[in-house]
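Undergrad: The following block contains the structure, expressed as structure tokens.
The values are calculated or read from the model by the stated rules, or taken from the named source; none is laboratory data. Note that the coordinates shown come from a computational prediction; the quantities given were computed from them, not determined experimentally. Here the Cβ positions follow ideal geometry from the backbone for every residue, glycine too, while neighbour counts run over all protein chains shown. Keep in mind that these areas ignore ligands, DNA and RNA; they rest on the heavy atoms of the full protein, side chains included. Shrake-Rupley method; radii C 1.70, N 1.55, O 1.52, S 1.80 Å.
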Amino acid sequence: MIVDKVQGRVPILMGCGGNNTAAIVNELQTGDFRGVDGILSVCPYYNKPSQEGLYQHFKAIAAATKLPVVLYNVPGRTGVNLKAETTVRLARDCQNIVAIKEASGNLEQVDEIIKNKPRDFDVISGDDSLTFPMISCGAVGVISVIGNALPKEFSKMIRLQMRGEYDPARKIHHRFTDLFSLLFVDGNPAGVKAMLHEMGFIENVLRLPLVPTRISTLQRMSEIMRELKI
């Protein structure tokens, strides 16, 4: 459906990951990926593999597809951190591992990856609140949560930074500081769905075990959006 809707207007990155390496490899080898431009593969969750296990996991995934692979490091959700040295090792050893969505929340780790990565490997922010400092360090963009609701406003910050206009970009970053925390206080995507509901785009319905944001969170979101004239 997404491929048909997009009609080639923008690249499509498809999520393909999990904690069973063989199952992911089988999906990549047998699935229909026509119209898909790349794979986003999250670190294995729950079973907490070692760094060598993570390396072998992503190496097997890269070998199973000709598509570009973007690693996704989000230890707050998976329970394991893909360390900088492992990320750089994968970037050097696997030609089609082209980027990482970094959501470790560790700017020192982000900087270590950027400092040591191959020239053609990209670091992408996976954390809205850290996107401004990450791009200042050399990240190339963001895979955003708040961007689902406010793509024009948030992408403007990115474009300003890319042009070296840091002062106006910083002002946008600070305008959204309170919203960043509210989006996650009752779980994700509950926050952004509540925001989209307030904007009139969707119903505020979630699939269990997620439930809608608390009334107090929603009220505070609405207040900030009014203050920002959104």
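Undergrad: Run through all the Cα pairs of the range 40-133 and give the fraction in each 10 Å bin from 0, expressed as whole percent.
TA: P(r) for the range 40-133, in whole percents per bin: 17, 55, 26, 1.
Undergrad: Once you have the Cα-Cα distance between residue 9 and residue 37, take 0.36 nm times their residue separation minus that, and quote the gain in nm to one decimal.
TA: Contour length minus the Cα-Cα distance gives 8.9 nm.
Undergrad: Given a Förster distance of 25 angstrom, what is the FRET efficiency for residue 199 paired with residue 175, based on the Cβ-Cβ distance and rounded to 0.05?
TA: In this case the efficiency is close to 0.90.
Undergrad: In whole angstrom, note down how far apart the Cα centers of the range 162-222 and the range 33-56 are.
TA: 27 Å
Undergrad: Give the Rg (one decimal place) followed by the Dmax (whole number) of the range 100-192, computed from C-alpha coordinates and expressed in Å.
TA: Computed over the Cα atoms of the range 100-192, radius of gyration and Dmax are 13.0, 38 Å.
Undergrad: Which value, in Å², gives the accessible area per residue of the chain when a 1.4 Å probe is used on the protein heavy atoms?
TA: It amounts to 55 Å² per residue over the chain.
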